[in-house]
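Novice: Sending over a structure as structure tokens; questions will come in a sec.
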Amino acid sequence: MPIAHIHLLEGRSSEKKQVLIKNVTAAISKSLDTSPEKVRVLLLEIPKENWGTAGKTKAESEI
């Protein structure tokens, strides 16, 4: 059973996440020649204050 863990910044709509899960499931299913029912996709949303780039959090970068 393939499991995909995807880390992303919080703030995307439910619709965007549904599309992501659908597309990732299809890609894994096709690549590994397995049924979509066996594929698991886990979205791990990271708060912007917990994501840093170049010494600043994403929350600081948006100010």
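Laboratory data are not the source of any read-out in this text; all were calculated from the coordinates shown. Remember, it's a predicted structure, so these values are computed and weren't measured experimentally. No Cβ is skipped: glycine too gets one built from the backbone with ideal geometry, and neighbour counts run over all protein chains shown.
Novice: From GLU37, GLU15, grab the single residue that is exposed (fewer than 10 other Cβ atoms within 10 Å of the Cβ), part of a helix (DSSP H, G or I) and within 14 Å of the chain's Cα centre (by Cα).
Specialist: GLU15
Novice: Would you be able to tell me the number of residues in region 18-34 that are over 28 Å from ALA59 (Cα atoms) and not in a loop (DSSP other than H, G, I, E, B)? Quick ask: steps written out before the conclusion?
Specialist: Applying the first criterion (over 28 Å from ALA59 (Cα atoms)) to region 18-34 yields 22-23, 25-34.
The next check asks that each one be not in a loop (DSSP other than H, G, I, E, B); those that pass are 22-23, 25-32.
Total satisfying the criteria: 10.
Novice: Moving on. Of the residues that sit in region 40-63 and are among the charged types (D, E, K, R) and free of Cβ contacts under 8 Å to residues at least 24 places away in the same chain, which one is surrounded by the fewest Cβ atoms within 10 Å (Cβ to Cβ)?
Specialist: GLU62
Novice: So, in region 27-63, exactly how many residues are closer than 12 Å to PRO2 by Cα and of a type in the set (Gly, Ala, Ser)?
Specialist: Count: 4.
Novice: Now for a separate question. For region 1-36, which positions are among the basic types (Lys, Arg) and more than 23 Å from GLU49 (Cα to Cα)?
Specialist: LYS22, LYS30 - these are the residues of region 1-36 that are among the basic types (Lys, Arg) and more than 23 Å from GLU49 (Cα to Cα).
Novice: Can I ask one more? Can you work out which of the residues in region 45-63 that are under 19 Å from the mean Cα position of the chain (by Cα) and assigned to a loop (DSSP other than H, G, I, E, B) is nearest to GLY11 (Cα to Cα)?
Specialist: Across region 45-63, the extreme among qualifying residues is PRO47.
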